[in-house]
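What follows is a short report on a single structure.
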Amino acid sequence: MRTEVGEFTMSSQRSVLGLIGICLFVVLLSVAGLASDFLTHLLSNIDGLLLFAVCALMGGLFTLMLFLMASEEGWLPGAHKKSAAAGNPGPKKAGEGK
């Protein structure tokens with residue numbers, strides 16, 4: 001079996017884009033559920049409160065997942081600086097040893 005470097009990068013990029021698409025879809029469904037909860041005035045009973053809680057929880061979790069994937073892929077500006085600083089400890093002083 002032979003694996004090309006370009007194929008591996010393309011398949012991993014496709015899987016990340018697929019996960020991002022699924023997360024965005026769930027977040028949009030959650031926002032639609034929250035909007036319907038407010039538009040139909042369901043917040044006054046237990047069904048509306050549960051719908052609100054489930055939509056808020058799903059939207060929050062999948063938004064957090066989107067944020068973590070973007071951070072891991074380096075799409076956020078602060079992610080590169082932290083990883084570069086961790087990999088490069090900087091110059092050593094003369095008396096610190098090897």
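Values in this text are rule-based calculations from the coordinates and carry no lab data. These numbers were taken from a predicted model, which means no experiment stands behind them. Positions of Cβ are backbone-derived with ideal geometry, glycine not excepted, and every protein chain shown enters the neighbour counts.
Summary table below
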| item | result |
| --- | --- |
| Gyration tensor verdict on region 11-71 (Cα atoms; rounded if a/c is under 1.5, prolate if a/b is larger than b/c, oblate otherwise) | prolate |
| Residue-span extension gain [Glu73 to Ala56] - 0.36 nm each, minus C-alpha spacing | 3.6 nm |
| Peptide ranges 36-48, 59-71 listed from the most packed, as the mean C-beta count within 10 angstrom indicates | 59-71, 36-48 |
